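This report refers to the structure that appears directly beneath it.
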Amino acid sequence: MRPTRILVVDDSVVARRVISDILSQEGDFEVVGTAPNGKIALAKIERLDPDLVTLDIEMPELDGIETLTTIRSSFPRVRVIMVSNHTTRGASITVEALFLGASDYVTKATKSSTRDGARQYLREQLVPKIRALSIPAASDYRAVPEKFQRAPSRGAAAFPIEVVVIGASTGGPNALTTILEALPADFPAPVLIVQHLPANFTTFFAQRLDAACALAVREANNRDGVTPGTVYIAPGDRHLEIRARSGSTELVTTEGPLVNSCRPAADILFRSAATAFGAGTLAVVLTGMGRDGLDGCRKIRAAGGRVIAQDKATSVVWGMPGQVAEAGLTEAVLPINDIGREIVRCVMARRT
């Protein structure tokens, strides 16, 4: 396989040099060019034919959002990783970029970081994300091994679904939008979501999803009650758990250790759902790199609950859902456009 061809776009000379140096040290990457703004970047994409672009958000002449929009329409094959600051404005724009089709994002280190620390911080985020995005995508659904192409079981579940828990990472924002748009306003179960995002990002993420669907979407708060028909987003940099108390359930957010190098982690949410709701739990594992959610799905299946995974053909990265499917934990592996309808069917099965 040829190296992944990368164009580095940033208005800062220092940032362009640092990112280029980091990527050039990897034998499977080739930095084919750099650009100081979006206008020059678009011309270089046409000439250099990169596989992936690292794209700064705030640039003169043509900013990151405008550049991303043109890349998605004119060069749909090219993957884009946004490079964001840890500011409120940076968080807001990065979340918007993810909904507009950016494949993933990385954040720059804070100003208090040392030069070497900032470089290492960026490298640890950027290199694995580019590698994950460089894996050739499945061309169609048949690319998924036959044993993982199961259609959903049409038999009635022994227990009604009382809670839906969802884990997502790379490619998750658009996948979640597709699912939530399919859920009706009178959906009778709570939905809890872990999307791998840092602090400050999930407030804007919840607001964006709330505007896109019929259900109320909110960032979860510590000690929230769990209300049917409400979607709760795990806050950035905090784990989200469900705990049963005196016949009711509440949400707990914690700053516990990273799990699967993540906080929030789907495994934490899924395990707590298995304990609180047992066989009444439906887990959905969506596109994302890594294996977060695998252990939690084991706990849910052991408790009698159910698991659905997104298929390879519609996943940006078939890491998280692929791990769950290959472990034999899923009752269905489905294209993203079918998952919302299947969630509704599962939840309504014992209520009609």
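Brief remarks on what is shown
- When the criteria are applied in full, Asp237 fails the requirement of being surrounded by fewer than 21 Cβ atoms within 10 Å (Cβ to Cβ), of a type in the set (Asp, Glu) and either outside the structural domain of Ile179 (by TED's automatic domain parsing) or more than 17 Å from the chain's Cα centre (by Cα) (or both).
- For segment 63-79, the set of residues classified as aliphatic (A, V, I, L, M) and part of a loop (DSSP other than H, G, I, E, B) consists of Val78 only.
- The residues of segment 297-306 that are surrounded by fewer than 20 Cβ atoms within 10 Å (Cβ to Cβ) and touching a strand residue (DSSP E or B) at 6+ places or on another chain (Cβ under 8 Å) amount to a single one, Ala303.
- Members of segment 14-32 found to be touching a Pro at 6+ places or on another chain (Cβ under 8 Å) and either of a type in the set (A, V, I, L, M, F, W, C) or outside any helix (DSSP H, G or I) (or both), listed by number: Gly27, Asp28, Phe29, Glu30, Val32
- Residues that are part of a strand (DSSP E or B) and over 18 Å from Asp237 (Cβ atoms) within segment 162-186 comprise Val163, Val164, Val165, Ile166, listed in sequence order.
- Looking across segment 187-205, the residues that are crowded, with 22+ Cβ neighbours inside 10 Å and in a helix (DSSP H, G or I) come down to Phe201, Thr202, Phe205.
- Meets criteria (within 17 Å of the chain's Cα centre (by Cα) and on the phi < 0 side of the Ramachandran plot) for Tyr105: yes
- Test: residue in segment 91-99 that is closer than 24 Å to Met320 by Cβ and either of a type in the set (Phe, Trp, Tyr) or assigned to a loop (DSSP other than H, G, I, E, B) (or both): yes
- Residue count, segment 66-95 (criterion: surrounded by fewer than 19 Cβ atoms within 10 Å (Cβ to Cβ) and either within 24 Å of Ser134 (Cβ to Cβ) or charged (D, E, K, R) (or both)): 11
- Selection within segment 206-242 - at pLDDT 95 or above and in a strand (DSSP E or B): Ala216, Val217, Arg218, Glu219, Thr230, Val231, Tyr232, Ile233, His239, Leu240, Glu241, Ile242
- Within segment 269-296, tally of residues that are buried (at least 24 other Cβ atoms within 10 Å of the Cβ), touching a strand residue (DSSP E or B) at 6+ places or on another chain (Cβ under 6 Å) and in contact (Cβ under 8 Å) with a residue 40 or more places away in the chain: 14
- Which numbered condition Lys312 fails, given (1) farther than 14 Å from Ala168 by Cβ; (2) within 16 Å of the chain's Cα centre (by Cα); (3) surrounded by fewer than 20 Cβ atoms within 10 Å (Cβ to Cβ): (3)
- Pairs meeting the criteria (first residue in segment 180-194 and touching a residue at least 12 places away in the same chain (Cβ under 8 Å), second residue among the polar types (S, T, N, Q), beta carbons under 7 Å, at least 6 apart or on different chains) are Pro190/Thr227; Pro190/Thr230.
- Conditions (1) touching a helix residue (DSSP H, G or I) at 6+ places or on another chain (Cβ under 6 Å); (2) farther than 18 Å from Pro228 by Cα: number failed by Ala274: (2)
- Residue within segment 336-352 that is more than 19 Å from the chain's Cα centre (by Cα), under 26 Å from Gly229 (Cα atoms) and without any contact (Cβ under 8 Å) to a residue 24 or more places away in the chain present: yes
- Verdict on Ala158 being over 14 Å from the mean Cα position of the chain (by Cα), modelled with pLDDT under 95 and either among the aromatic types (Phe, Trp, Tyr) or closer than 18 Å to Ala265 by Cα (or both): no
- For Gly256, the criteria (1) over 24 Å from Ile343 (Cβ atoms); (2) crowded, with 21+ Cβ neighbours inside 10 Å; (3) not polar (S, T, N, Q) hold in every case but one, which is (2).
The values are calculated or read from the model by the stated rules, or taken from the named source; none is laboratory data. Quick caveat: nothing in here was measured; it's all calculated off a predicted structure. Please note: Cβ atoms are built from the backbone with ideal geometry, for glycine as well, and neighbour counts cover all protein chains shown.
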